[in-house]
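To start, the structure under review is shown below, and the notes come after it.
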Amino acid sequence: MKRKDDTLAIIFVTVLAVIIWIWSATRTEKEWLVGATLHFKAPEGSSSTITPELKPVSLTFKGPRGSIDTVEALCTQAISVPIASDDGDITLNVASIVNALDSIQSTGAEVITAEPNSLTLNVQTLVTVEASVQYSLPSIQVSNDVTIDPSTVSLQIPKSVRKELPEAISVTAVVSERVLAQLKPGIMHTELAVVQLPESLDGIGVLVEPNRVSLSFTIQSKTDKTTLPQVRVLVAAPAEDYGEYSVSLPVRIIPNVSIEADKELITLINSGKISVFAIVRLKSTDMEQRITSKLVATFLAILEDGTAQQIGATLEDPSLLDIALEIVPVAKPTQ
């Protein structure tokens, strides 16, 4: 009987010792370094943005082992930090803002050091602006009108930026060239297009809703682009005026002309089978006044059958389109 009592006593003492050890271990304070990500959020219903929105930090916590385990598990996800402030930059003490969070206080642990020690955030109030939608369909020509649905989108723009912008704002809906290359001409197509902001609004935290719109269009033909190292200048004037005046060009070549035309036409131009000319058109009054320069009127591709087709052209230096002229009267034979 005594042996049984001794066994029960040993078990009781052992269990009690384990309980005391566990209690002591969980109550003993320790310091622990934890990596965390702070997620800064405006108050519910606010129209403000906060930059940066996310920021990784290193936090050293102090507290009982159980509290440290709890806070370490909490830091596996981004810690939400509410920010209520007026527009502009604000500087926050990292340890203070984390310790003030209910989710951290409930663990029983406390931040004693943080790296970085402080953070600077920028708070911007957003205003809602309605913007009209234009479209961009690179490398194709369309027949009839292009339908945009919806034709307007809502932009949320920082209030400080909005006052510097014009009253009317537009954005561009773009269908990628990869998608367009797969579409056939002569058929009505409906494609999703990405809404792109103008340069003045890019990269400043503007929100777009919706950020995609639908474009409906029929392809008339597909176009392509190429750059010609040089394009010869031709002068076109009334035939009868050449009996009275001669025209010479000090510069007969325009360098580095980027052209856009039907895809098949560009292929022929690149092969050298078709030539492109810059046309300067002179009126009789131009000849009489002996003007010294005139702008290129158009660029023409002269086809193999002798007909001409107008094409689009651009230059990095538009001043090269102003062609210098030397117009002199033709000497008439003496009687």
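Going by the conditions given, is Glu304 assigned to a loop (DSSP other than H, G, I, E, B) and either in contact with a Leu (Cβ under 8 Å, 6 or more places away or on another chain) or surrounded by fewer than 17 Cβ atoms within 10 Å (Cβ to Cβ) (or both)?
Values: assigned to a loop (DSSP other than H, G, I, E, B): yes; either in contact with a Leu (Cβ under 8 Å, 6 or more places away or on another chain) or surrounded by fewer than 17 Cβ atoms within 10 Å (Cβ to Cβ) (or both): yes.
The answer is yes for Glu304.
Would you confirm, using the coordinates I've provided, whether Pro198 is out of contact with any helix residue (DSSP H, G or I) (no Cβ under 9 Å at 6 or more places or on another chain) and either in the same structural domain as Ile79 (by TED's automatic domain parsing) or closer than 21 Å to Lys41 by Cβ (or both)?
no
For segment 202-215, give me the residue count where each residue is modelled with pLDDT of 85 or more and either touching a His at 6+ places or on another chain (Cβ under 7 Å) or surrounded by 15 or more Cβ atoms within 10 Å (Cβ to Cβ) (or both). Break it down into steps so the answer makes sense when it comes.
Within segment 202-215, the subset modelled with pLDDT of 85 or more is 206-215.
Subsequent filtering for residues that are either touching a His at 6+ places or on another chain (Cβ under 7 Å) or surrounded by 15 or more Cβ atoms within 10 Å (Cβ to Cβ) (or both) retains 206, 208, 213, 215.
Summing the residues that are modelled with pLDDT of 85 or more and either touching a His at 6+ places or on another chain (Cβ under 7 Å) or surrounded by 15 or more Cβ atoms within 10 Å (Cβ to Cβ) (or both) in segment 202-215 gives 4.
When you go through Ser139, Ser154 one by one, which is the residue that is touching a strand residue (DSSP E or B) at 6+ places or on another chain (Cβ under 6 Å), at positive phi and not assigned by TED's automatic domain parsing to the domain that holds Glu53? Talk me through it step by step, then tell me what you get.
Numbers: Ser154 fails: at positive phi.
Every option except Ser139 fails the conditions.
So which residues in segment 109-139 are in contact with a helix residue (DSSP H, G or I) (Cβ under 6 Å, 6 or more places away or on another chain) and modelled with pLDDT under 90, if there are any at all?
Thr125, Val127, Pro138, Ser139
Which of the residues that make up segment 164-190 are over 20 Å from the mean Cα position of the chain (by Cα) and closer than 13 Å to Val213 by Cβ?
Thr190
Restricting attention to segment 162-176, does a residue exist that is over 30 Å from Thr125 (Cα atoms) and of a type outside the set (Phe, Trp, Tyr)?
Yes, some residue in segment 162-176 is over 30 Å from Thr125 (Cα atoms) and of a type outside the set (Phe, Trp, Tyr).
Can you say whether Ala84 is in a helix (DSSP H, G or I) and either modelled with pLDDT under 90 or of a type in the set (A, V, I, L, M, F, W, C) (or both), as far as the supplied structure shows?
The answer is no for Ala84.
The values are calculated or read from the model by the stated rules, or taken from the named source; none is laboratory data. These figures come from a predicted structure and were not determined experimentally. Neighbour counts are summed over all protein chains in view; Cβ atoms, including those assigned to glycine, are modelled from backbone coordinates with ideal geometry.
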